[in-house]
1. Please work out which residue is surrounded by the fewest Cβ atoms within 10 Å (Cβ to Cβ), limiting yourself to region A:49-59 and to residues that are touching a residue at least 24 places away in the same chain (Cβ under 8 Å) and farther than 29 Å from residue A:255 by Cβ.
2. Select from region B:349-365 the residues that are crowded, with 24+ Cβ neighbours inside 10 Å and over 25 Å from the mean Cα position of the chain (by Cα) and write down the one among them that is farthest from the other protein chains (Cβ to nearest Cβ).
3. I'm checking my understanding of the structure. Among residues of region A:291-306 that are within 22 Å of the chain's Cα centre (by Cα) and of a type in the set (Gly, Ala, Ser), which one is nearest to the other protein chains (Cβ to nearest Cβ)?
4. What is the residue count in region B:307-344 for residues that are small (Gly, Ala, Ser), out of contact with any helix residue (DSSP H, G or I) (no Cβ under 6 Å at 6 or more places or on another chain) and either more than 7 Å from every other protein chain (Cβ to nearest Cβ) or surrounded by fewer than 21 Cβ atoms within 10 Å (Cβ to Cβ) (or both)?
5. Tell me which of these residue B:171 doesn't satisfy, since it passes every other one: (1) in contact with a Leu (Cβ under 7 Å, 6 or more places away or on another chain); (2) modelled with pLDDT of 95 or more; (3) under 20 Å from residue B:247 (Cα atoms).
6. Taking region B:38-59 only, how many residues are assigned to a strand (DSSP E or B) and of a type outside the set (A, V, I, L, M)?
7. Surrounded by fewer than 24 Cβ atoms within 10 Å (Cβ to Cβ) and under 25 Å from the mean Cα position of the chain (by Cα), is that true of residue A:178?
8. Is at least one residue of region B:210-223 buried (at least 24 other Cβ atoms within 10 Å of the Cβ), at pLDDT below 95 and in a loop (DSSP other than H, G, I, E, B)?
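The values are calculated or read from the model by the stated rules, or taken from the named source; none is laboratory data. Since we're looking at a predicted model, the values are computed, not measured. Heads up, the Cβs are rebuilt from the backbone with ideal geometry, glycines too, and the neighbour counts pull from every protein chain shown.
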Number of protein chains: 2
Amino acid sequence: MTTQQAPGSRQRFFRSRWVAPPAGVEELDPDRLAPGFRAAGTACGLKGGGETDVGLVVCDSDDLRSALLLTANAAAAAPVRVCREECDPGAIRAAVVNSGNANAATGERGYADALAMRDAAADALGIPPRSVAVAETGVIGVPLRIDDVVRGVAATSRRLSERGGGELARAIMTTDRGPKACTARAGGVTVSAQAKGAGMIEPGFATMLCFVQTDAEVPEPETALRGAVAGSFERITVDGQLSTNDTVLLQATGAAGAPLPAGLLEAVLLQLALAVVADGEGATRVGRAHVRGAATSEEAERVARAIANSPLVKTALYGRDANWGRIAQAAGMALAGERLAELGADAIDADELAGALQEAELAIVLGRGDAGAYVYFSDLTPEYIRINAEYTT
Amino acid sequence: MTTQQAPGSRQRFFRSRWVAPPAGVEELDPDRLAPGFRAAGTACGLKGGGETDVGLVVCDSDDLRSALLLTANAAAAAPVRVCREECDPGAIRAAVVNSGNANAATGERGYADALAMRDAAADALGIPPRSVAVAETGVIGVPLRIDDVVRGVAATSRRLSERGGGELARAIMTTDRGPKACTARAGGVTVSAQAKGAGMIEPGFATMLCFVQTDAEVPEPETALRGAVAGSFERITVDGQLSTNDTVLLQATGAAGAPLPAGLLEAVLLQLALAVVADGEGATRVGRAHVRGAATSEEAERVARAIANSPLVKTALYGRDANWGRIAQAAGMALAGERLAELGADAIDADELAGALQEAELAIVLGRGDAGAYVYFSDLTPEYIRINAEYTT
């Protein structure tokens, strides 16, 4: 299932053995956006050190379809509430985003700031305000320096480029160790996507930001996006924390006159999701909890998630310790109140926990039925503690 | 609410500002058991280094009542299944316990070993097998060296003493930094208790081992024990992990001819529970998540637990960072799907996160109703990672 990469290639995607891209997929320079889109990123000073922290992505045409998925966190950030209340989710021409400040738990002022940021982007781009989505990421509970952001939006709008994918990906980074972007072509269509996410990662659906552009015909973008997210961002966890700001946007022009090849969107999103996990705060390895023999899909997912979020399993992944008993314990915890047939070593494959592989699969067979599930997760390391004990308000 | 201790006193209990013992409570030497009970601990080699790893506690009379609470983990260990299937929970004369091996996920052999251990204790004490409870703690998935344990049980039975509380507490330690025992007297009755627990701590009810003896009259021991556990061991978390082996045993002779003073049992168990949290793997501080203004008690507890188990809050407790935004995020996650009124800084008191206090209270007011809840938790530190990455099968 692995697409081989030439050594030294800058193309980094579809490397995971867990990703199955459609046949004939070709990877392009991740700076390059799908035809009909432009993006850019600039620094407005929120992050300091000259790092870019304001981004824009815009579709040149208003003949497009879009879908917007937002966090389920009840304490949703101001930009999420603006997207819910002040945008046309099916007709999003552009997204404006900043990093360095999540604009969450910032009250009425935060809401007004998110609106002002959205309006500044609409104004700079000359498009209706309701066609602009707004996203923010960074610290919670700190007022946004909106004047700096508005200036940054104007500056960013002057840099928009068909090769701005990497700039956008860098502009949305927080504790990410590197930008996450992917451009792929198959079946005559192109998909480009940029994502961020390193901590506060647990799917309600997504727990990070991701912008996806394509020239494919996508008649039902929300259905397509929900399906692909269900197999990717909803299957990952770094620390079990559902963010206040998660946003995934899909924009599709249809200009290529061809549909999305089966599996392309999910492969792109799964590879980005795995990049988020691999870049999890302090992470050194990625695990996949693979549950089979569950009574229902829901039960399989609950068990997989319990394994993936267990700090005992996550530290065993870090310590390269094939401690299968901790997998049994986590599974039993997820099924608390039930009686489970004895989960001995033969029901659990934890060998890869102890191995040298960067990607370790942990498998468990519950013997209760035919349902299964995967959850991808990062290890828990001293560096996670260091980052989160020091990253401060 | 704090009982002052003389400096240098070896009496360590009722020091927390969160524990309210009944008036007139007197602390005794924790080695000393309630009248009518004897205990001991010896080394049989499971832990190595000559550390004690087999313990016994026995009531001299068969005129007693008892209650036994066991883990809800579906992958319950062999000793838990033996207690469920082969004991009279209301008439437990003695408990036999080992540390160094949990005898969990050990299949039919593990069950036979737990039965053999139980029978060895009954034989050595000359009491019916069904009146002996068995408990084990340590690594999961490793066969028990039952011959060593049986020899250890016989040796331990020859050391039983009215002053064996400390020995028992030491014999059940795993990664605990010290023994946890308490003996207190009030209203003419004595309660002694010994507990262990440092990792894999999250209440299903208890998530550790605890043995409690009293000469009070306790006509409904299960009701009394469930009530006290609900306010103590069910309110703590170290790492959100429900153990396979949790066991709490209450034995009451009634010989004092007086009932338990209100609050005594819960105060003893809460102080032991706090000792478990303070001794959490790698822990340096204890936090209390205090939720008010929830719509229901269940909701309050769910939010408190989400805060207490958030690795972001736990690292902030370690890093002494008053990062109230993470409390808002965790609360919002626990209420995912609902819409919450903006949780600004005025709804959250996180000052003690950043302070010098060993016990830090984090308060949040949800504005949804009148229900409240507490959950006690430890911080998440590099030492937790070190312990769990190295503690191996």
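1. Going through the qualifying residues, I end up with A:51.
2. The first filter runs over region B:349-365 and keeps only residues crowded, with 24+ Cβ neighbours inside 10 Å, leaving B:350, B:353, B:362, B:364.
With the extra rule that they be over 25 Å from the mean Cα position of the chain (by Cα), the set shrinks to B:350, B:364.
On the way: B:350: 9, B:364: 11 Å.
Taking the candidates together, the pick is B:364.
3. A:306
4. Within region B:307-344, the subset small (Gly, Ala, Ser) is B:308, B:310, B:316, B:319, B:322, B:325, B:328, B:330-332, B:334, B:336-337, B:341, B:344.
In the following step, the residues that additionally are out of contact with any helix residue (DSSP H, G or I) (no Cβ under 6 Å at 6 or more places or on another chain) were identified as B:308, B:325, B:328, B:332, B:336-337, B:341.
Filter once more, keeping what is either more than 7 Å from every other protein chain (Cβ to nearest Cβ) or surrounded by fewer than 21 Cβ atoms within 10 Å (Cβ to Cβ) (or both): B:308, B:336-337, B:341.
Going through region B:307-344 one residue at a time, the tally reaches 4.
5. (1)
6. 5
7. Working: surrounded by fewer than 24 Cβ atoms within 10 Å (Cβ to Cβ): yes; under 25 Å from the mean Cα position of the chain (by Cα): yes.
Taking the combined requirement at face value, the residue satisfies it.
8. No - not one qualifying residue is present in region B:210-223.
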